[in-house]
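Reviewing the structure listed below.
None of the figures in this text is laboratory data; all of them are computed from the coordinates on show. Remember, predicted model here, so these are calculated numbers, not experimental data. So basically every Cβ, Gly included, is an ideal-geometry build from the backbone, and we count neighbours across all protein chains shown.
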Amino acid sequence: MDIVNRSISLTTTSGTDILDITGLVQREIADSGIKEGAVTLFIPGSTAALTTIEYESGVINDLRKAIERLAPQDIYYEHNERWGDGNGYSHVRAALLGPSLHIPIIGGNMTLGTWQQIVLLDFDNRPRQRKVLVQIIGE
């Protein structure tokens, strides 16, 4: 059993970025040489999240609108009173979606569905340099 730790770095903007990182993760798996096992992805920080979705403009826009309905940017957040940074909504959005994913690897490939991609969602109200931690475990 081998454990390979890697990371993926990305630059985001001050909007609700939704970035397809599937190819970047698959490249890390290929470079690891692991054929059977699992990959765990984790994004440090409390204003970003990871999930899977069909990365198609219509559903990405639908997701952005659904997130806005769940945790609107323009309502009162106590966090903003305490810190004055105006990103209370981004913390709530990230908490709703979560910071990690765990995906089985079979034959050197992630077991994603045909139309399923891995996306990083950055909700912060300022540009960020994000790092996704990639831990690949297997043989």
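Remarks
- Considered as a group, the residues in region 22-44 that are of a type in the set (A, V, I, L, M, F, W, C) and over 17 Å from Gln116 (Cβ atoms) include one that is surrounded by the most Cβ atoms within 10 Å (Cβ to Cβ), and that residue is Ile43.
- Being in contact (Cβ under 8 Å) with a residue 24 or more places away in the chain, of a type outside the set (Gly, Ala, Ser) and touching a helix residue (DSSP H, G or I) at 6+ places or on another chain (Cβ under 8 Å) is a property that Ile34 lacks.
- Condition check for Val119: more than 19 Å from Val4 (Cβ to Cβ), surrounded by fewer than 16 Cβ atoms within 10 Å (Cβ to Cβ), touching a strand residue (DSSP E or B) at 6+ places or on another chain (Cβ under 7 Å) and among the hydrophobic types (A, V, I, L, M, F, W, C): no
Okay, residues lined up against (1) within 14 Å of the chain's Cα centre (by Cα); (2) assigned to a helix (DSSP H, G or I); (3) in contact (Cβ under 8 Å) with a residue 60 or more places away in the chain:
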{"residue": "Asp74", "(1), (2), (3)": "no, no, no"}
{"residue": "Asn80", "(1), (2), (3)": "no, yes, no"}
{"residue": "Asp85", "(1), (2), (3)": "no, no, no"}
{"residue": "Tyr89", "(1), (2), (3)": "no, yes, no"}
{"residue": "Val92", "(1), (2), (3)": "no, yes, no"}
{"residue": "Leu96", "(1), (2), (3)": "yes, yes, no"}
{"residue": "His102", "(1), (2), (3)": "yes, no, yes"}
{"residue": "Ile105", "(1), (2), (3)": "no, no, yes"}
{"residue": "Leu112", "(1), (2), (3)": "no, no, yes"}
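Table: residues versus (1) of a type in the set (Lys, Arg); (2) farther than 22 Å from Asp20 by Cβ; (3) touching a strand residue (DSSP E or B) at 6+ places or on another chain (Cβ under 7 Å); (4) surrounded by 18 or more Cβ atoms within 10 Å (Cβ to Cβ).
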site	(1), (2), (3), (4)
Gln73	no, yes, no, no
Tyr76	no, yes, no, no
Asp85	no, yes, no, no
Ala95	no, yes, no, no
Trp115	no, no, no, no
Pro127	no, no, yes, no
Leu133	no, no, yes, no
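- Options Ile34, Ile53: the member that is out of contact with any Cys (no Cβ under 8 Å at 6 or more places or on another chain) and closer than 20 Å to Gly98 by Cα: Ile53
- Odd one out for Arg130 among (1) part of a loop (DSSP other than H, G, I, E, B); (2) on the phi < 0 side of the Ramachandran plot: (1)
- The set of residues in region 39-67 being in a helix (DSSP H, G or I) and either touching an Asp or Glu at 6+ places or on another chain (Cβ under 8 Å) or free of Cβ contacts under 8 Å to residues at least 24 places away in the same chain (or both) consists of Ser57, Gly58, Val59, Asn61, Asp62, Lys65, Ala66.
- Of all residues in region 1-22, those being part of a helix (DSSP H, G or I) and more than 14 Å from Ile103 (Cβ to Cβ) number 0.
- Considering residues of region 1-16 that are closer than 25 Å to Ile67 by Cα and not small (Gly, Ala, Ser) only, the residue farthest from the chain's Cα centre (by Cα): Thr13
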